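Working notes, beginning with the structure itself.
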Amino acid sequence: MKQTVYKGLTLLMLSAMLALTACGSGGSNKGESNAPGDNGDSNAPVKLKIMWQGADIRHQAMLKTQEVYTSKNPSVTFSPEYMAWDDYWKKLPTLAASHSLPDVLHMDGAYIQEYATRGTLEDLSDIDLTGVIDEKTLENLKIGGKLYGIPISRNAQGMAFNKEALEAAGIELPKKDWTWDEYFDFARNARAKLPDGVYPISDTDTWDFYQYYQMSFGKGSIIQEEGKKFNLDKELFMKFYGIHAEFREKKIVPPADMVSSFKENDPQADPMASGKVMTRGATVGSVGALEQLMPGKIDVVNLPVGPEGGGWAQPTIFLSVSTDAKHKDAAKAFIKWFVTDKAAGETYGTNFGIPIYDEIYTALEPTLAPKEKLGKKLYDTSIDKAMPFSPAAAGWTEWIDNYKKTMDAVMFGQKSIEEAYNEISKSGNAIAEKSGK
Amino acid sequence: MLLKGDEREMKVEAVHKPAAAKLRLAKKKVKGTNDNNLAGYIFISPWLLGFLLLTAWPIIQSFYLSFTEYSLLEAPTWTGTDNYANIFSSDNDFKTSLKVTFLFVLFSVPLKLFFSLMVAMLLNKSLKGMNLYRTAIYFPSLIGGSIAVSALWRNMFNLNGYFNHVLAWFGIEGVGWITNPHTSLGTLILLNTWQFGSTMVIFLAGLKQIPNELYESASVDGASKVRKFFHITLPMLSPVMFFNLVLGIIGSFQMFTSAFIITQGGPINSTYMYALFLYDKAFKHYQMGYASALAWILLVIVALMTAINFLVSRYWVFYETDGGKQK
Amino acid sequence: MNKTLRNNPVTRHLLLIVFSLLMLYPVIWWVGASLKTTAEMSSPSIWPSTPMWENYTKGWQFSPEFTFGRFFGNTLLMEFWNVLGGVLTSAIVAYGFARLNFKFRGALFSILLLTMMLPGQVTIVPQYILYNKLQLMDSYIPLVLPHFFGGGAFFIFLLVQFIRGIPRELDEAAKIDGASVYGIFFRIVLPLIKPSLVTVAIFTFIWSWDDFFAQMLYLNSVGKFTVGLALRMYVDQFEIQWGRLLAMSLLSVLPSVVLFFFAQKHFVEGIATTGLKG
C-alpha cells in the first residue's frame, strides 16, 4: 500500500516534469510559425502588440495615434499595453525571458544598450529615414554598427536654476556656455548671499555628472569600445571631488544626509522644488516636470563647458521591434509612419518630447505650453557645445550602482577620494576585461 | 455584550467535554492509526498537486539556474559552481547584505514579538468599543507596502520630518533618520515593528485560550501579576510564541518591500537587505543565475535557523494537550 | 500604582485612545496629504490650506476609459476567488498533515515549510514562463490558481497548528460511532475550525491586495488592472501625482479596514475556541 502510493507519486512527478520539459522545448518555435500578414499578403489582418511607458496624457495620445493608424490601414489593429516607468522596466526582462516581448516597444537611452547587445531587438537600419532624421544622428545611435531603435524625439542635458530666488538674493544668473570654473565660482559667490539652509549647488555622487567634467576636458568617456575599455582620469577625478569636498566643508553644498534624501521631480524631495538648492541637472523631459512643480520660477542653461564642450544633445527615446515580434514588417511600417507622418505627429504632439522630425515640430510650435518651451530652450542652449552622448555599455549597471555607493561613502566621510578612485577603477577594469573576452 | 466571548467558550467546552469523556474509554480499544496512507494523500492532494504542477518546476529551475549565467534576455549558459564560488570568495555586497539582514532579524523579530504581545495583552480585555481600538491599532499593518508608506515614512523621519519637530520641542537637533547610514536601518526596524498586526492577532488568540481557572487558582495562592505572567501566561503561550517566532524569522530574512520602496538599500548599503540585493541582481543587473544561487544560500540559512528553532523548542515550548510530544 | 485606578475602565479607555491615536497619526497625516496640491506637498503642515477634493474626484476618474470603480471591481472579483480557494482547500490539506499518519508525512511537511523559505524572486520567472506556455497571460488564473492548491504554506501551517489543538478524543469518539476519516473531518474538525478559517480569509484578502509584482507580470490590459496596479500608474518617471495617488491609495485600504472591523470578532474568538497548540 505504502509502496504503491510512493511509486505512484514518483511516476506522477516524473510525468509532470516530462510534460513540462516537452512544453519547454516545443514552445520556443511557436512564435515564428503563425505570422499572418507578414511577407506577402499585406491585407491580411495584423494585430500588433505594442508596449510603452509614461503618464496618462501620453497613454491617451498614444492610443489615439494607433486609432489614426488603424483608420488609415484598416488591416492593422493594436493590442496595447502601457504602464508607468518603474513597472515597465520591471516587467520587460520577464517578457524577454519568456520570449513574449511585444512587436513594437518603447526603448530608452538608459536601457537600449542592454537590450540591443543581448539580442532582443531587431536591426532597423533598413527603415528609410532620409530627410527625416539626419545621417549623423542615426550614426551616433548605432550600437555595434546596427540601429536598434528609431529615435522619436530630441533630448539634451543641461541645467535648471531657480531664477526667482537667485535674482531675489542679488546673485548673477548662470550664462550660456559658462565654464566649470565659472560654475564653481558661482557656487562660492552665491553661498555668501543665500540664507542658511539654502545651497547654490548640490553635491554629486553619480558617474554621469563626473563624466561630463572629464569629457569636457578632452579626456574622453569613462566606458569605451562597447564596454571593453575603462577610462577614468585620476587627476581630473581627484580635482573634481576635491572641490566638492572643500564645498562640503564650507557648506556650499548640502550635508550628506540631505543630499541622499533628494529625489528629482518628487515635490517633497526634489532638490530645487523643495527650495533647498538653487540649481540641478535637467534634461528636456525632466525640466518640464520641474517647471510644473515651480511654475514660472525656473530658467535653464547648458551644462558647464570645458575646451571640448559640455553636456550632450541626442535622442534618448526610441521605438524598437523585438526579435520575438510576430509581425516585424508591419511593426517597422508603423514605426516609420509614427516618426514621419504629420497626422501622427499632430496626434501625439509633444508627449514624447520635441519630435525628431522638424516638419512635425514646426507644426506644433505655436501650441507649445510653457514647460515645453522651456524644454526647447534647454535643447537650443545645449546644442552648440554638446559632446557625444556616452551611455554605459551592457553589463555595467552594477558598476554604476557601486560608483554611487562609493561616492556616497566619500560624502559621508567614510572613505577618502583616493580610496574611492582605486575601488571604482578596480571594479571598472575588471568588468572591461570580462567584456573583452 | 461583555460576556459574549466567555459564554461562547463555555458553550464549546460543554459540547466537547461529554464527548471527550464518553470516549476516553474507547480510546484504549482503537489503537494505531497508521493505515491512513490513502486518506492522507487524498487530503493533502490539493497541495501536493499544486506543488508538483505549479511550484516544483520553478523551484527545480531556479536550482538549475543557480549553476548558470542567465541575463533573462539571453538563454542561460552553464557555468558550474562559479556563482557560488564568486559569492563566497569575492562578493562584498553579499557579506554586507547578509550582515544587514542578520542585524535586522536580530532586532526586529524580538521587538515585534515583544511589542505585539504587550499590545495583545492590552487588547485582551472585554471593553466597550474594543472593536474600534483593535481596528485602529491593526491599521498600520493593513497599509503594508503601499507606495503611500514611502511618502509617509519620509514625512515622519526626514530632516524636516515630524519626528525631528518633536525632538526640537526638547531642544534636540535631529538628523535625516532615513538618509543617515547610522540610523536608516533603525527606522526600517521601527516600521516593521509598527506593522505588528498579524503577529498580534495570533497572540491575542493564544491569550484567549488560556483557561481562566489557572489565573483564579493562582490568585487564591496570592500570586502577584508579574508572577502570573511568568508562570502562567508565558508557558501557556509558548506554542503561539514559537509559531510567531518561526514565521517571524522566515519573513524577516526575506524582508524586501520597505527597503525597496523607502531606502532602496541606501545610503551606502546601510539598508541593503539580502532580498533586495538578490532582486537587484536578478532584475536590475541581469544576473538571474547569480541571484538564484543567492536564493539557495538564503534557503539553507533560513532552513538551518528553523531547524535549530525546532530543536531548541523542546526546552522551552510547553505543549499541554500532547503531553510534551511534538508533531 | 493604585490597583483600582489601573483597572478602572476610564483609565483603560484613556490608555487605549492615546495608543490608538499614536498608531493612527500617519492616517491623519495621510488624510491631510491626500487633500493637498502638489505644491503644498512639501510643506510640513498636516492640513492643506484649501482641501483639494479634486484629488478624490479626478483620481477616481482615472482615465477616459476606466474609473477606479472598474479596478475595485476587478480586485474584488480576484479576491473573491482567492479567498474562496484558500478557505476551501487549506483546511483539507491541514487536516491531512495534522491528523493523518501517512508515509513521508514528515518529509512532505518539511518541503511545505521549505517552499516558504526560498525567495519568490527567483521562482517568479520560471513560473511566468510556465503560465505563458499554458497561454494564461492577461488573465487572473495565474493569480488565483495557487490559492486553490492549499492556499499557501503559511495558512496550511497555521491551520495545522489549530487542528492539533483540538482534543484527539473527539476524533476517537466519532470513530467508535463508525465515522470514517472523511466523516471526522467534515462533521467534527471542519465545524470546529470554521472560525479560524475566517483568519485565513482575512489574511488572504489583505495580503493578495498588496501583492503587486505578480499582478504586474500577469495582467497586461489596463481594463483588467487591480487597484494596486492602477495606483502605480500615478508614479511616472518625471511626474508623481501625489495628491491622487494618496487619495486613491487611502480608498484602497478601506475594503480591508471594513472587512477587518466586521470579521475580527470571529477570528479573534475563533482561534480562541479551537485553541492554538503546537
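Since every read-out is calculated from the coordinates, none of them should be taken as a lab result. All figures in this text were calculated on a predicted structure; none of them were measured in a lab. Note that we place each Cβ from the backbone using ideal geometry, even for glycine, and neighbour counts take in every protein chain shown.
Within the shell defined by Cβ-Cβ distances under 13 Å, the residues around residue B:146 carry a net charge of -1, with Lys and Arg each +1 and Asp and Glu each -1. Relative to the longest principal axis of the Cα atoms of chain A, helix A:397-411 runs at roughly 20 degrees. With r as the distance between the Cβ atoms of residue B:60 and residue C:25 and R0 = 51 Å, compute the FRET efficiency 1/(1 + (r/R0)^6) and round to 0.05. With a Förster radius of 51 Å, E is 0.60. Three principal axis extents describe the C-alpha atoms of the stretch B:207-327; from largest down they are 66, 31, 20 Å. Charges were assigned to the Cβ only: +1 to each Lys and Arg, -1 to each Asp and Glu. The resulting dipole of the stretch B:92-316 about its Cα centre is roughly 180 debye. Derived scalar couplings between HN and Hα for the stretch A:286-293 equal 7, 5, x, 5, 5, 4, 5, 6 Hz in order, rounded to whole Hz, by the Karplus curve 6.51 cos²θ - 1.76 cosθ + 1.60 (θ = phi - 60°), x for Gly and Pro. Given a cut-off of under 8 Å on Cα pairs at least six residues apart, what relative contact order in percent is computed for chain A? Relative contact order of chain A: 26 percent. Globularity index of chain A is 1.13 (Cα radius of gyration / 2.2 N^0.38 Å, N = number of residues). Across chain B, Cα-Cα pairs farther apart than 33 Å form 46% of the total. Taking amide hydrogens as placed 1.01 Å from N in the peptide plane, the amide H of residue A:319 sits under 5 Å from those of A:107, A:150, A:152, each at least 5 positions away in sequence or on another chain. A simple charge model with +1 on the Cβ of Lys and Arg, -1 on the Cβ of Asp and Glu and nothing else charged puts the dipole of the stretch C:62-139 at about 460 debye relative to its Cα centre.
Over the stretch C:67-274, the fraction of Cα-Cα pairs per 5 Å bin, rounded to whole percents and listed from the shortest bin up, is 1, 6, 13, 15, 16, 14, 12, 9, 6, 4, 2, 1, 0, 0, 0.
The string of couplings for the stretch A:94-107 from the Karplus curve (6.51, -1.76, 1.60, θ = phi - 60°) is 5, 5, 4, 4, 9, 6, 10, 4, x, 5, 10, 9, 6, 10 Hz, one whole number per residue in order, with x for Gly and Pro. Once backbone amide H atoms are built at 1.01 Å from N, residue A:79 has A:48, A:49, A:50 as its partners under 5 Å, excluding neighbours fewer than 5 places away on the same chain.
Working from label points 7 Å from Cα in the Cα-to-Cβ sense, the residue B:127 to residue B:311 distance is 4.3 nm. Over chain B, what relative contact order in percent results from Cα pairs under 8 Å that are six or more residues apart? Computed over chain B, the figure is 27 percent. At q = 0.05, 0.10 Å⁻¹ the log10 of I(q)/I(0) for the protein assembly as shown amounts to -0.35, -1.34, computed by Debye summation with a single uniform scatterer per C-alpha, solvent ignored.
Relative to the longest principal axis of the Cα atoms of chain C, the long axis of helix C:190-210 makes an angle of roughly 30 degrees. Label point of residue A:164 set 7 angstrom out along Cα-Cβ; within the stretch A:292-320, amide nitrogens under 12 Å from it belong to A:292-299. Taking each DSSP H run with n ≥ 4 as -39500 (n - 2.57) and averaging over every residue of the protein assembly as shown yields -18500 deg cm²/dmol at 222 nm.
Of the residues B:41, C:139, A:420, the one whose Cα sits farthest toward the positive end of the charge dipole of the protein assembly as shown, with +1 on the Cβ of Lys and Arg and -1 on the Cβ of Asp and Glu, is B:41. Basic side chains Lys and Arg get +1 at the Cβ, acidic Asp and Glu get -1 at the Cβ, and with that the dipole of the protein assembly as shown about its Cα centre reaches some 5180 debye. The tail of the calculated P(r) for the stretch C:219-261 beyond 12 Å holds 63 percent of all Cα-Cα pairs. Couplings for the stretch A:425-430, taken from phi via the Karplus curve 6.51 cos²θ - 1.76 cosθ + 1.60 with θ = phi - 60°, read 6, 4, 5, x, 5, 4 Hz in order; Gly and Pro are left as x. Within chain B, helices built from complete DSSP H runs that reach 30 Å or longer along their own axis (Cα positions) and carry a mean Kyte-Doolittle hydropathy of -0.5 or higher are B:92-123, B:288-316.
Amide H to amide H, with H built 1.01 Å from N, residue C:52 comes under 5 Å of C:36, counting only residues 5 or more places away or on other chains. Look at the stretch C:213-225: the mean tally of other chain Cβ atoms within 10 Å of its residues' Cβ atoms is 4. Projected over all directions and averaged, the alpha-carbon convex hull of the stretch A:265-385 occupies 10.0 nm².
Residues B:193, C:37 in ascending order of nearby Cβ atoms (within 10 Å, fewest first): C:37, B:193. Size descriptors for the stretch A:70-165 (Cα atoms only): Rg and Dmax, in that order, 16.8, 56 Å. Take each residue in B:272-279, count the other chain C-beta atoms within 10 Å of its C-beta, and the mean is 2. The value for the stretch A:317-437 of Rg(Cα) / (2.2 N^0.38 Å) is 1.57. Residues A:418, C:239, A:264, A:249 in ascending order of nearby Cβ atoms (within 10 Å, fewest first): A:249, A:418, A:264, C:239.
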